[in-house]
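All remarks here apply to the structure that follows.
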Amino acid sequence: MDSWVRLSPSAPILAKSYVLVGAIAGAFGVRGEIRLRSFTADPEAIVDYAPFCNEEGQIILSVQSWRPIKDGIVLTAREVPTREAAMAMRNTKLFVPRDRLPEAEEDEFYHVDLIGLRLEALDGAELGRVRAVIPGPQDLLEIEATPGAKGSWFLPFTKALVPIVDLPGKKLIGEIPLGLIPMVGEIPEEAPPPPTQPKSSKKPPKGTTT
């Protein structure tokens with residue numbers, strides 16, 4: 001099943017102005033180096049988007065030097081001079097402005113551009129809107145506000161299920177198979193009862209007496 005091309009960053013994104021590209025994982029060594037978790041499709045590409053800011057747009061991390069390691073990126077920054085400062089910023093999310101990202105090519109989409117798009121069926125029926133994108137081997141769209149649905153649900157972002165991505169029209173056109181949307185009032189299928197053992201018509205043999 002063909003998937004749409006995923007561009008970095010490839011993390012769940014809930015904001016339009018600023019895009020989540022990574023997080024501080026903690027300190028590395030004793031000299032104030034910072035270990036980052038990168039959410040970009042190419043982990044090393046995260047440094048191309050520096051400096052990093054918080055959700056309000058305030059710069060919180062400027063890269064002075066960096067190097068790749070097995071599980072991420074290690075860097076130094078003037079805002080974090082010591083190991084203690086690096087540990088204090090552990091789990092801090094790193095954002096960059098949306099306009100810092102390069103333009104996508106044909107059939108390529110940044111996750112941030114999909115957030116908030118309407119989802120429509122082939123017949124034009126409203127099916128909700130995209131709340132978030134969950135990256136993975138198969139990216140998933142979290143869909144909310146679907147009429148009659150129990151809550152949000154997940155749609156694989158493939159060309160078969162989402163044949164049309166209309167960014168100018170701010171909508172997706174989906175071909176949603178029956179049963180993919182959890183609807184209110186649905187009765188879950190009951191598991192079949194376990195098979196019963198047929199009764200034997202033979203009586204167990206009697207033991208011999210001596």
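Values in this text are rule-based calculations from the coordinates and carry no lab data. Everything numeric here is computed off the predicted structure, so don't read it as measured data. For neighbour counting, all protein chains shown are included, and Cβ atoms are generated from backbone atoms with ideal geometry for every residue, glycine included.
Observations on the model:
- Packing here is the average count of other Cβ atoms within 10 Å per residue, and on that basis the peptides 173-181, 98-106, highest first, run 173-181, 98-106.
- Taking 7 Å steps out from each Cα toward its Cβ at I69 and E44 produces label points 1.7 nm apart.
- Computed over segment 84-147, the P(r) tail beyond 20 angstrom holds 50 percent of alpha carbon pairs.
- Contact order for segment 109-174, expressed relative to its length and based on alpha carbon pairs under 8 Å spaced 6+ residues apart, stands at 29 percent.
- FRET efficiency for D107 and R131, using Cβ-Cβ distance with R0 set to 25 Å, rounded to 0.05: 0.60
- Over 31 Å (Cα to Cα) - which of K150/K171; K70/K150; K93/K170 fall in this group: K70/K150
- Summing Cβ point charges (Lys, Arg +1; Asp, Glu -1) relative to the Cα centre of segment 109-174 gives a dipole of roughly 60 debye.
- Rg(Cα)/(2.2 N^0.38 Å) for segment 117-171, N = residue count: 1.08
- Equivalent-ellipsoid semi-axes for segment 24-136 (Cα gyration tensor, √(5λ), whole Å, largest first): 34, 14, 13.
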